[in-house]
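Visitor: Pasting a structure below so you can have a look.
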Amino acid sequence: EATVEWWRDAAIYQVYVRSFADGDGDGTGDLAGVRSRLPYLVELGVEALWFTPWYLSPLADGGYDVADYRTIDPAFGTLAEAEKLIAEARELGLRTIVDVVPNHVSDQHVWFKAALAAGPGSPERELFHFRQGRGTDGELPPNNWVSEFGGVPWTRLDDGDWYLHLFATEQPDLNWAHPAVRREHEDVLRFWFDRGVAGVRIDSAVLPAKDPALPDFTPGTDPHPFVDRDELHDIYRSWRAIADEYGGIFVGEVWLPDAERFARYLRPDELHTAFNLGFMSCPWDADLLRASVDDTLAEHAPVGAPATWVLANHDVTRTVTRYGREDTGFDFAAKAFGTPTDLELGTRRARAAALLSLALPGAVYVYQGEELGLPEADIPRGRIEDPMHFRSGGTDPGRDGCRVPLPWTADAPYAGFGGDTEPWLPQPESWAKYAADLQTGDPDSMLSLYRQALRLRRTEPGFAEVRASGDAAEAPLTWLPSGPGVLSFTRHDGLICVVNLAGPPTELPGHTSVLLTSGPLDDEGRLPQDTAAWLRS
Ligand code: TEU
């Protein structure tokens, strides 16, 4: 097992710690909660866990505002507990991936506090991007950039200096031209690799480097003043050298529409993998999904990196809600309050999409709660915590609707999230019916579907062949002829996946046995619309 490059085809489960399971009953998920649910994750059949940031943080952006990388937030536990969790998980066959956020730190990070105290022109401020404003009194922001969360990405201090934050005010951007910034992050990587983690997710991986002049952005200019700059590749090469010492891997959050620029991050001496976020904005349409698969495989092939498949994460609308909307998912980021959705339809499609994503060659990510078929929750305005909501002037509900604490036990307070304290985000009334304990006993539940699919992924020869060879040069998938609105492909002749997105009930290929379907076949054994099947040939 040790020689297999596990990350090339792993199923990786994303744990949003704050909302996964509450071990101490205070309404916030924690490491004790995760440890108590490791058997569930083993039973689910995933091979690795990616933990969203669990470090000391004021949680102004759900932990993506890190105050100290070497301390676990006390709301979640202790460093000793994290070490125990990493070791216990590994014993059970689950590797750990931690999240690092190079673009920015929390405004409560010791570096930023020192920079504030030291004042304008100080060396402490050189670790960040402090500038004078424009206008007669410096009352205008230093440039015309726009925050990733909307609005002006600059905040002015009482001493007159402005500081740059591409995200929330509480997330000052680091100056990656400064050697201390590079050194510190390399130390942080070692710190976590030394604690036995198998991989690192890199947050906002295309943003950390900036044009030192911080010029105005003019659309169409290349290089862009803060996206996808060449300096990044040098940084990630040095990170790769560190990871290689440990046999660790990276998965980059590389948000880039251009396939060629995307693939540059996956060169053999850079990141092992990057999130392919294409499915999250792809409508439920056979031609578009097929094009998305083909484009993804084509952009990965030349660099020999495995593709990744992601239906959902902590930043986008839940799959069953997205697929139940008229626009079937185009607008995953621009959310609106009360967008109508047909959950029954969305659930059928999400089940089929799960089989599709789990059948494709490469690594696959499952965001917590997707395996329960959770819908996006409507969070009452007064309870929303996501800074995106506030920065939109309250028009955008933000991302909390996909971050609601999980239901574990139908017949327990707060659907068994952990204790008698109300969870940090309110759970919808419907939550208990999605509880893991109910779904465990129901062979037709979403959870049962995921468990079966993940088991087959590990045991079926159609998948196993790839696991053994790990050969990137071999044709990863072959499309089979199919009617309009239907996708059909085979991998290594062993496994066939058919997805009927929009066609009439379709005959399954002959001389095959059905391994798993996402929903019932019709009376004539045909695959109905919004249904997928796995077959062995
Ligand atoms: O997200 C990066 C990012 O580009 C976001 O702006 C994303 O486009 C948006 O959330 C889509 O709705 C990462 C993390 O995944 C996110 O949770 C953090 O808020 C962000 O970085 C800042 O660290």
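Laboratory data are not the source of any read-out in this text; all were calculated from the coordinates shown. Everything quoted here is computed from the prediction, not taken from an experiment. Heads up, the Cβs are rebuilt from the backbone with ideal geometry, glycines too, and the neighbour counts pull from every protein chain shown.
Visitor: How much mean residue ellipticity at 222 nm does the chain get from its helices, if each DSSP H run of length 4 or more adds -39500 (n - 2.57) and you divide by all residues, to the nearest 500 deg cm²/dmol? Provide the component values of the computation, followed by the final result.
Guide: Details: 14 runs with 142 residues, N = 537.
So the calculated ellipticity at 222 nm is -8000 deg cm²/dmol.
Visitor: Follow-up. Provide, as a two-decimal number, the C-alpha radius of gyration of the range 1-119 over 2.2 N^0.38 Å, N being how many residues it has.
Guide: Numbers: Rg = 15.8 Å, N = 119, 2.2 N^0.38 = 13.5 Å.
Here the answer is 1.17, to two decimals.
Visitor: Return the long-range amide H neighbours of Thr531 (sequence gap of 5 or more, or a different chain), with a cut-off of under 5 Å between placed amide H atoms.
Guide: Correct list: Asn500.
Visitor: Hey, another quick one. Can you compute 3J(HN,Hα) from phi for each residue in the range 505-512, using the Karplus curve 6.51 cos²θ - 1.76 cosθ + 1.60 with θ = phi - 60°, rounded to whole Hz and x for Gly and Pro?
Guide: x, 10, 5, 7, x, x, 6, 10
Visitor: Related question: Just to check, using Stokes-Einstein with a Kirkwood Rh over alpha carbon pairs, what's the diffusion coefficient of the range 110-164 at 10 °C and 1.306 mPa s in µm²/s?
Guide: Details: Rh = 11.6 Å.
Translational D for this selection: 137 µm²/s.
Visitor: Follow-up question, since we're still on this one. Quick check: net charge around Ser448, other residues with Cβ under 13 Å of its Cβ, Lys/Arg +1 and Asp/Glu -1?
Guide: -2
Visitor: Full extension from Leu38 to Arg526: what is 0.36 nm times the residue separation minus their Cα-Cα distance, to one decimal in nm? Please report the intermediate quantities before stating the final value.
Guide: Values: separation 488, 0.36 × 488 = 175.68 nm, distance 3.81 nm.
Contour length minus the Cα-Cα distance gives 171.9 nm.
Visitor: Mind pulling the angle between the C-alpha long axis of helix 179-194 and the longest principal axis of the chain? Nearest 10 degrees, somewhere in 0 to 90.
Guide: 40
Visitor: Take the alpha-carbon positions of the range 294-412, form their convex hull, and give its projected area averaged over all directions (one quarter of the hull surface) in nm². Could the numbers behind the result be given before it?
Guide: On the way: hull surface 36.6 nm².
It is 9.2 nm².
Visitor: Moving to a separate point now. Amide H of Thr506: which non-local residues (sequence gap of 5 or more, or other chain) have their own amide H closer than 5 Å, using H built in the peptide plane?
Guide: HN-HN under 5 Å from Thr506: Leu527.
Visitor: With viscosity set to 0.692 mPa s and temperature to 37 °C, compute the Stokes-Einstein D of the chain, Rh being the Kirkwood radius across alpha carbon pairs; µm²/s, no decimals.
Guide: Values: Rh = 24.1 Å.
Calculated translational D: 136 µm²/s.
Visitor: So if the hydrodynamic radius of the range 128-265 is defined as the Kirkwood radius over C-alpha pairs, what does Stokes-Einstein give as its diffusion coefficient at 25 °C and 0.890 mPa s, in µm² per second? Don't skip to the end; give the middle numbers.
Guide: Numbers: Rh = 16.5 Å.
Here the translational diffusion coefficient equals 149 µm²/s.
Visitor: Restricting attention to the range 44-83, which GluC sites (Glu not before Pro) occupy a DSSP loop and are surrounded by at most 14 other Cβ atoms within 10 Å? Kindly include the intermediate steps, with their values, before the conclusion.
Guide: Working: sites: Glu47, Glu81, Glu83; in loops: Glu47.
When the GluC sites (Glu not before Pro) of the range 44-83 are filtered for loop state and at most 14 Cβ neighbours within 10 Å, nothing remains.
Visitor: Direction-averaged shadow area of the convex hull around the Cα atoms of the range 416-466, nm²? Don't jump to the answer; show the numbers that get you there.
Guide: Numbers: hull surface 21.5 nm².
If you wrap the Cα atoms of the range 416-466 in a convex hull and average its projections, you get 5.4 nm².
Visitor: Check Asp173: other-chain or 5+ apart residues with amide H under 5 Å from its amide H, H built from backbone geometry?
Guide: Amide H to amide H, under 5 Å and 5 or more residues apart or across chains, Asp173 pairs with His129, Leu164, His165, Leu166.
Visitor: Let me ask something else. Quick check: convex hull of the Cα atoms in the range 403-537, volume per residue, rounded to a whole Å³? Intermediate values should be presented prior to the final figure.
Guide: Working: hull volume 22.0 nm³, N = 135.
So the per-residue Cα hull volume is 163 Å³.
Visitor: Okay, next question. Compute, for the chain, the length of the dipole vector about the Cα centre, with Cβ point charges of +1 (Lys, Arg) and -1 (Asp, Glu) only. Units Debye, rounded to 20.
Guide: Values: 47 positive and 84 negative charges, 122 e Å.
For this selection, approximately 580 debye.
Visitor: Next question. Read phi for every residue in the range 341-354 and hand back ³J(HN,Hα) as whole Hz from Karplus 6.51 cos²θ - 1.76 cosθ + 1.60, θ = phi - 60°, with x for Gly and Pro.
Guide: 8, 10, 5, 5, 5, x, 5, 4, 5, 4, 5, 5, 5, 4
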